[in-house]
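Everything on this sheet refers to the single structure shown next.
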Amino acid sequence: MNRTASLLRAPGRLINLSSAGHRFANIDLQDPNFQRTPYDPWVAYGRSKTANILFAVAFDLRHRDRGIRAAAVHPGGIQTELARHLDPAQLQAQIDRLNQQSAAAGGEPFKYKTIPQGAATSVWAGFVASAEEIGGQYCENCHVGQIVPEDRPLSVSSEGVRAYALDRKTAEALWKKSEELVGEHF
């Protein structure tokens, strides 16, 4: 990441795409590659999206003194090539499960965003919002997401970020683990 960080100048911003899918799972630094636990694609997706948020937290901590800020953005559900390797029935089953949870929580059913709607939060975080507001944060629907307790059920229409995704100690541990895995110090 030193290669990218060195290209950024104040008042630069690094906007990292993540997802509300981070709510599926926290990272597991003891078993990042599912060598000891059964692989589950939704858990893997959740871990990766949580890692995206934690990366933004760690990057922001390292570069804010230089006037470079970082944030993670949830663009919303957009029909992209992301699902190209998923069985359409599995994807629909996941949407159905999320819609059932949403209905139980009094929320709206899942609805895909348009590409411009999905790009809006990235543009907002990158150019419109104040750097102080978004630095080290998780952003959704053109605002900074609020922390929601893990015991609070979330629907597909609800907002919020799990506290584990913004934890500075975990962000630092992930940064160190990433350096270890790639054999390079950033």
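The values are calculated or read from the model by the stated rules, or taken from the named source; none is laboratory data. Model, not experiment: these values are computed from the prediction. Quick reminder, even Gly has a Cβ in these numbers, built from the backbone with ideal geometry, and neighbours come from all protein chains shown.
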Can you tell me which of 13, 47 is over 17 Å from residue 168 (Cβ atoms), at pLDDT 95 or above and in contact with a strand residue (DSSP E or B) (Cβ under 6 Å, 6 or more places away or on another chain)? 13
Can you pull out every residue in region 127-152 that is assigned to a helix (DSSP H, G or I) and either touching a Pro at 6+ places or on another chain (Cβ under 8 Å) or buried (at least 16 other Cβ atoms within 10 Å of the Cβ) (or both)? 131, 134
Would you point out which residue out of 76, 46 is on the phi > 0 side of the Ramachandran plot and within 18 Å of the chain's Cα centre (by Cα)? 76
Here's a check for you: in region 93-126, which residue that is of a type in the set (Lys, Arg) and either assigned to a helix (DSSP H, G or I) or surrounded by 16 or more Cβ atoms within 10 Å (Cβ to Cβ) (or both) is modelled with the highest pLDDT? 113
Examine region 48-60 for a residue that is among the hydroxyl-bearing types (Ser, Thr, Tyr), farther than 22 Å from residue 139 by Cβ and either exposed (fewer than 13 other Cβ atoms within 10 Å of the Cβ) or free of Cβ contacts under 8 Å to residues at least 24 places away in the same chain (or both), and state whether such a residue exists. no
Among (1) within 16 Å of the chain's Cα centre (by Cα); (2) closer than 27 Å to residue 7 by Cβ; (3) of a type in the set (A, V, I, L, M), the one test that residue 61 misses: (1)
Residue 168: passes all of (1) touching a residue at least 24 places away in the same chain (Cβ under 8 Å); (2) surrounded by fewer than 15 Cβ atoms within 10 Å (Cβ to Cβ); (3) more than 17 Å from residue 71 (Cβ to Cβ); (4) not β-branched (Val, Ile, Thr) but (3)
Return the only residue of 44, 72, 5 being of a type in the set (A, V, I, L, M, F, W, C), in contact with a Phe, Trp or Tyr (Cβ under 8 Å, 6 or more places away or on another chain), surrounded by fewer than 19 Cβ atoms within 10 Å (Cβ to Cβ) and in contact (Cβ under 8 Å) with a residue 60 or more places away in the chain. 5
Take residue 84 and tell me if it is over 22 Å from residue 162 (Cα atoms), without any contact (Cβ under 8 Å) to a residue 40 or more places away in the chain and either surrounded by 15 or more Cβ atoms within 10 Å (Cβ to Cβ) or among the basic types (Lys, Arg) (or both). yes
Among the residues in region 27-40, are any part of a helix (DSSP H, G or I), among the basic types (Lys, Arg) and at negative phi? no
